[in-house]
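Remarks on the structure that follows.
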Amino acid sequence: MPSSAFSSPTTWPEGRAMLLRLDQALALIDQTFAPVAATRRVALHEAAGAILAEAVAALAPLPLADNAAVDGYALRAADSAAGPAGFAVIGRAAAGRPFAGTLGPGEAVRIFTGAVVPAGADTVVMQEVAVTLEAGRVTLPAALRPGANIRRQGETLAPGAAVLAPGAVLTPLRLGLLADLGHAEVAVRLPLRVALLSSGDELVAVGTKPQAHQVIDSNRPMLRALLAQAGCIVNEYPIQPDDRATIAATLGTAARAHDLIVTTAGMSVGGEDHVRAILEAQGRVIFQRLALRPGRPVGLGLLGGAPVLGLPGNPGAAAVAFLLIGRPLLRRLGGAMPASLPRVTLAAGFTWAKPAGDRVYLPGRVTGGTVRRLAHNAASNLVWAAEADGLIDLPEAAQAIEPGTPVAFIPFAGAWP
Ligand SMILES: Nc1nc2c(c(=O)[nH]1)N[C@H]1C(S)=C(S)[C@@H](COP(=O)(O)OP(=O)(O)OC[C@H]3O[C@@H](n4cnc5c(N)ncnc54)[C@H](O)[C@@H]3O)O[C@H]1N2
Ligand code: MOO
């Protein structure tokens, strides 16, 4: 099996011309695929965290009626135009218990926040400015502004106003919003069904003590958890030997019953890199090999109508490729809106001669506004995951990084799906 160190030469023998940039690969995902996840109407309490599959509009005006924004008195502003005036308090309006009558000149209604403004009133005055002279009478200040402290019917949303677009994630706050707008059910996307398989004669199952020539199938629990965290239903296939016919048969079976196949290893250029060879011969390759470190051999293809995401075998490379390619692919297939990874700018706390031409991701640890590059090789293992707060994102054109150079940083909190 080939393996690579993070410091391997920038240009592989076949040359840079074959390498696609990360942004080009992401554009190809959007161009090639449409959402495939099935849809279903569910009650709001079943929709938490789901992806919205329809446009949602306001069913009614918001607010539904003119209502008081404060506790106080409802009245006609014109009555106090000439100076502080006394009012007869003729009734009471509370949220859920409106005042039934109509308010006339010189009259006020005691009103509480959220109550419908009584007919005849055009203004609400805060109770803090009222002077109560005797039961049933108040004096209020002069020059009250008509319309003050009233939330007007439909001032926030008119009926039919677009509120959420298909692809929005139904966060708890948005469920509250939908309920407020009168929706009890919404159409959501169902989880993607994903087949997961690893390949390589050297692989042994997690829990097996490997011999010197063997490698624990450590990508499997990582990818299973990443896919599950992204809301997918994951179906694991056994470790595949380095045998093209066997892998082709498994991929063919998996393609019939899944929305996506995720493989690890076998995407590079070695003689045992069968996943890539199968896609080339029996399916379609959408892209393979990116100007990306780690994760260079990540590929995407189609087999029997199912998308196949071929992640590198190197565990660190598989992790980074999943974040950068797998996550947007899952969003696309799952019907979610595109979303860029959250990035912050930090000062580099290291010196590094970056190879130009590659988009490079370095595990980093943050102290204050500075990010330190972790010494571990980011491709061939995941030792850096014990300490890393996220990934430093160095664009293709970046070269010398000095202490203090501003660098983009993707914090893991919020970045992993
Ligand atoms: N001549 C070249 N050699 C390599 C290139 C290249 O461009 N030209 N690219 C290198 C890069 S970059 C990477 S990354 C690796 C990845 O290659 P593959 O995706 O084909 O993976 P393998 O070669 O099969 O395995 C690489 C490495 O990872 C270990 N591995 C595989 N599966 C798992 C698993 N499920 N869990 C844990 N570890 C796994 C495997 O034993 C190898 O050590 O290719 C470079 N070579
Ligand atoms: O560096 Mo490879 O890019 O180990 O994926």
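By DSSP, the beta bridges lying fully in the stretch 191-323 are antiparallel in about 35 percent of cases.
Legend: calculated FRET efficiency, residue 145 to residue 65, from the Cβ-Cβ distance at R0 = 30 Å, rounded to 0.05, equals 0.90. Once backbone amide H atoms are built at 1.01 Å from N, residue 242 has 200, 201 as its partners under 5 Å, excluding neighbours fewer than 5 places away on the same chain. Model label points for residue 370 and residue 48, set 7 angstrom from Cα along the Cα-to-Cβ axis, are 4.2 nm apart. In plain terms, if you count all Cα to Cα distances in the stretch 245-334 and split them into 10 Å steps from zero, the share in each step is 19, 54, 26, 1 percent.
State the Kirkwood hydrodynamic radius of the chain in Å, one decimal place, computed from all pairs of distinct Cα atoms.
For the chain, inverting the mean 1/r across all distinct Cα pairs yields 25.7 Å.
Shown is the FRET efficiency for residue 133 and residue 95, computed with R0 = 35 Å from the Cβ-Cβ distance and rounded to the nearest 0.05: 0.85. Among beta bridges from DSSP that stay inside the chain, the antiparallel ones total about 65%. Amide H contacts of residue 137 (H built 1.01 Å from N, in plane; Pro and chain starts excluded): 89 sit under 5 Å, all sequence-distant by 5 or more or on other chains.
Using the average count of surrounding beta-carbon atoms within 10 Å as a protection proxy, the listed peptides 73-81, 99-107, 304-312 rank, highest first, as 304-312, 73-81, 99-107. Neighbour counting of Cβ atoms within 10 Å sorts the residues 410, 261, fewest neighbours leading, into 410, 261. Rg of the Cα atoms in the stretch 162-314, relative to 2.2 N^0.38 Å, amounts to 1.26.
Database remark: amide H of residue 236 closer than 5 angstrom to the amide H of 196 (H placed geometrically; neighbours at sequence offset of 5 or more, or on other chains; Pro and chain starts carry no H). Put simply, when 325-334, 128-137, 154-163 are sorted by average Cβ atoms within 10 angstrom per residue, most first, you get 325-334, 154-163, 128-137.
Between residue 155 and residue 169, the contour length at 0.36 nm per residue exceeds the alpha carbon distance by 2.5 nm.
The translational diffusion coefficient of the stretch 104-234, from Stokes-Einstein at 4 °C and 1.567 mPa s with a Kirkwood hydrodynamic radius over alpha carbon pairs, comes to 59 µm²/s. Note on the stretch 67-151: Cα-only Rg and Dmax are 11.1, 34 Å. Indicate, rounded to the nearest 5 percent, the antiparallel portion of the DSSP beta bridges found entirely in the stretch 67-151. Percentage antiparallel, nearest 5: 75.
FYI, it's all coordinate maths here, none of it is from the lab. Just so we're clear, the structure is a prediction, and the values are computed from it rather than from any experiment. Counting neighbours? That spans all protein chains shown, and the Cβs are built from the backbone with ideal geometry, glycine included.
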